[in-house]
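**Q** Below you will find the structure I want to go over with you.
The values are calculated or read from the model by the stated rules, or taken from the named source; none is laboratory data. Model, not experiment: these values are computed from the prediction. Cβ: placed from backbone, ideal geometry, glycine included. Neighbour counts: every protein chain shown. Quick note on the areas: whole protein, heavy atoms, side chains included, nothing else; ligands and nucleic acids left out. Shrake-Rupley method; radii C 1.70, N 1.55, O 1.52, S 1.80 Å.
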Amino acid sequence: MNIKRIKGLLSNFCMYIILLFTSILPNSRYSNKIRGTLLAPFFKKCGRNLQVASGVTLINPRNITIGDNVYIAHNTWINGTGGLEIESDVIISPMVVIATTKHSYIDGKISNTKSELAPILIKSGTWIASNSVITKGVIIGKGSIIGACSAVTREIPDFYFAGGVPAKPLKKLIN
């Protein structure tokens, strides 16, 4: 095993220990700020005032860039393997899935060993409502709102309310 892989495993282990010990804290503004402060060093880059609620799962946070004033609610699952940028002033509601990877479909079946990667960009001022899924290669525009239970599979323009499966722009928020 090479040194880079060992460092990555050690980093993940330390992050999971922090998540385990902070899971006893309530989901309050102060506890979420403590969790965010303790998790910040594990990201590629992290701005000020990150708030992370309990039960959040982070995969490959070293490929995730986070801006200022970002809130990630409880039980959110984030995979940064393909690269993820969350700009400033973003709210991610409970039980959202953000997946920068997708299992490959090979010879009529889903592969558990091969996957496709593509980055995701969530621009500033966006709110992603509960139980939504954001898939690889997507850009969500500045100031957008993603409705609850939506599946974002393609780009959403700036300042739009989008929703549905698959999500599509439904209403311009600013004229």
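**Q** Among the candidates Ser104, Ser115, single out the residue that is at pLDDT below 95, over 18 Å from Ile66 (Cα atoms) and either touching a helix residue (DSSP H, G or I) at 6+ places or on another chain (Cβ under 7 Å) or open to solvent by 30 Å² or more (accessible area, probe 1.4 Å) (or both).
**A** Only one candidate passes the filter, namely Ser115.
**Q** Failed condition for Asn131, given (1) part of a strand (DSSP E or B); (2) in contact with a Cys (Cβ under 9 Å, 6 or more places away or on another chain), with all others met?
**A** Result: Asn131 fails condition (1) only.
**Q** Also: Within the range 137-154, can one find any residue that is at pLDDT below 95, over 13 Å from the mean Cα position of the chain (by Cα) and not in a strand (DSSP E or B)? I'd like the intermediate steps shown before the answer.
**A** The initial filter retains those residues of the range 137-154 that are at pLDDT below 95, namely none.
Checked against the condition, which is being at pLDDT below 95, over 13 Å from the mean Cα position of the chain (by Cα) and not in a strand (DSSP E or B), the range 137-154 yields no hits at all.
**Q** For the range 118-143, name all the residues that are touching a Pro at 6+ places or on another chain (Cβ under 6 Å) and either acidic (Asp, Glu) or open to solvent by 60 Å² or more (accessible area, probe 1.4 Å) (or both). Steps first, answer last, please.
**A** Step one: list which residues in the range 118-143 are touching a Pro at 6+ places or on another chain (Cβ under 6 Å), which gives 130, 141.
Within the range 118-143, no residue meets the criteria.
**Q** Let me ask you something else. Going through the range 1-36 one residue at a time, which ones are part of a loop (DSSP other than H, G, I, E, B) and more than 13 Å from Ile72 (Cβ to Cβ)? Spell out the reasoning first.
**A** The first filter runs over the range 1-36 and keeps only residues part of a loop (DSSP other than H, G, I, E, B), leaving 1-2, 23-28.
If the condition is that a residue be part of a loop (DSSP other than H, G, I, E, B) and more than 13 Å from Ile72 (Cβ to Cβ), then Met1, Asn2, Ser23, Ile24, Leu25, Pro26, Ser28 are the ones that fit.
**Q** Being in contact (Cβ under 8 Å) with a residue 40 or more places away in the chain and farther than 19 Å from Cys149 by Cα is the filter here; which residues of the range 88-115 pass it? I'd like the intermediate steps shown before the answer.
**A** Of the range 88-115, the ones in contact (Cβ under 8 Å) with a residue 40 or more places away in the chain are 88, 93-94.
Residue satisfying the conditions is Ser88 alone.
**Q** So, in the range 18-39, exactly how many residues are within 15 Å of the chain's Cα centre (by Cα) and surrounded by fewer than 17 Cβ atoms within 10 Å (Cβ to Cβ)? Spell out the reasoning first.
**A** Of all residues in the range 18-39, those within 15 Å of the chain's Cα centre (by Cα) come to 36, 39.
Now drop any that are not surrounded by fewer than 17 Cβ atoms within 10 Å (Cβ to Cβ), which leaves none.
Residues meeting the conditions: 0.
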